[in-house]
Amino acid sequence: MIEALAGPGARGVEDLTASDLLALARDRKAAEDRASADLLVVAARWADLHPPESIHSAATFAVPGCEHEEPIAGDGAPLVAEFCLAELGAVLGVSTTAAKKLVGHALELRHRLPRLWAQTQAGRVPAWRARSVAEVTIHTSPALTREAAAFVDAQVAAVAGRIGPAQLDRLVAETIKRFHLADVDPAADPEDGYLHVDPRHATIHDDDVHYAGTMRLEAELDIADALDLDRALAHGAETLKALGSDMSLDARRSAALGDLARTQTALDLAGSGADPQHLPAAREVVLHAHFNASFDGLATVFGPTGRMEEGQRLVLLDQISGWCSDSRTKVTVKPVIDLNADLSTPAYGVPDRIREQVILRDRTCVFPWCTRPARGCDVDHVDEYDHAAEAEGRPQPGPTGTSNLAALCRFHHRLKTHTAWRYEMTEPGTFEWTSPHGHRYRRDRHGTTAIDPLDPPGIPQPRRP
């Protein structure tokens with residue numbers, strides 16, 4: 001039941017007329033927009049309270065495939081202590097990375113896009129639209145100077161933020177040319193100036209896995225590359241049909257793209273008479289799939305679905321069977337590890353078998369809301385290992401055993417080491433975290449739960465400019 005109207009004689013939604021429902025919808029949407037704008041104010045003020053200190057570096061974004069990092073907001077926005085963002089994200093129920101984006105957008109808007117910030121706080125531009133502009137101006141390459149960002153701000157504010165992605169890309173490209181931020185060919189057609197911002201990309205949306213075990217690929221290609229790829233996919237689809245495939249054309253084109261990813265050699269040798277059994281392995285991609293197994297005395301019986309570590313998604317048994325049927329696929333079956341056994345060693349270093357048990361038990365980094373796969377995490381001693389305990393004849397307070405080990409990504413491992421965040425393992429695979437401000441969270445294999453009581457009423461609202 002949704003209480004539609006507050007106060008004496010309040011009615012439920014089912015008692016409202018069509019006009020009442022429209023009024024309620026408008027009211028709730030306005031409240032949602034106001035709350036989103038207020039959250040940007042809170043995020044900016046949180047940043048003000050947490051400038052970088054001697055022990056903390058400034059918060060940045062890692063750039064995939066590069067050695068450098070990008071600031072969370074552009075030139076002219078203040079720096080923010082990297083560790084403070086974890087607590088903000090935790091109370092919002094989002095990852096540290098998502099909190100980093102929120103604060104970066106708030107600072108970008110307040111300091112480099114002030115007109116758009118004012119319109120957002122006045123309710124004329126929705127926060128989501130303003131944040132989409134900030135995301136572009138933060139990560140534009142080459143980076144926008146303060147003056148260039150101000151030019152973008154003026155243009156976007158003039159249309160009250162009503163600008164689409166393509167228009168915004170053109171505006172940024174024009175800004176880059178106008179402020180001489182990149183070398184531009186003077187003979188180039190001015191109408192084609194937007195091409196100086198290279199739009200090419202190939203993005204695998206690994207956070208959007210379909211229940212059927214498929215994943216979406218989005219790409220922007222050079223025209224010649226796109227046409228070549230189209231011809232290759234058409235040829236691959238026809239080849240699969242000739243080999244007896246009864247899949248649809250779209251499915252065959254998708255499978256042909258997978259073949260391209262696996263090996264160009266296979267395409268070159270198709271029809272050359274080479275025996276597929278003797279082709280070299282096309283690739284080495286390590287996937288970790290887990291299926292429950294039970295024994296009836298004769299055979300192992302698997303359920304129809306299992307869990308794929310990569311992406312923390314379900315995977316169909318039929319898909320695994322298809323992958324394994326390829327003669328060029330190397331399949332390794334590892335022995336089952338009892339996740340309830342308490343494995344330990346007197347040494348500080350974590351042996352592979354104990355590490356694997358922790359990885360399988362925790363699945364991801366065990367910090368609240370973090371989703372980084374455990375296989376790429378550090379294995380942390382929950383209670384610190386005392387290297388001098390044995391020499392001094394004292395019991396080891398932080399033994400190296402699965403009852404005292406947890407998977408933490410490198411960032412949250414550093415956060416636990418250098419800040420007032422603390423956690424304990426209350427039972428195998430279940431952790432309770434306490435933040436520097438006393439907020440508590442329970443993290444287990446099912447996710448994160450806030451275990452704080454609701455905040456008392458009377459929290460002051462952020463002042464609007």
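Taken over segment 215-266, the convex hull of the Cα atoms encloses 85 Å³ per residue.
May I ask you to order 420-426, 44-50, 114-120 by the average number of other C-beta atoms within 10 Å around their residues, highest value first?
So the order, starting with the most tightly packed, is 114-120, 44-50, 420-426.
Translational diffusion of segment 344-450 was estimated from the Stokes-Einstein equation, with Rh taken as the Kirkwood radius over Cα pairs; at 4 °C and 1.567 mPa s the coefficient is 92 µm²/s. Mind running the shape call on segment 64-140? Use the C-alpha gyration tensor, a ≥ b ≥ c as the square roots of the eigenvalues: rounded below 1.5 for a/c, prolate if a/b tops b/c, oblate otherwise. Verdict is oblate for segment 64-140.
Pairs exceeding a 27 Å alpha-carbon distance, out of Lys29/Lys177; Lys101/Lys416; Lys29/Lys100: Lys29/Lys177.
Since every read-out is calculated from the coordinates, none of them should be taken as a lab result. Everything quoted here is computed from the prediction, not taken from an experiment. Please note: Cβ atoms are built from the backbone with ideal geometry, for glycine as well, and neighbour counts cover all protein chains shown.
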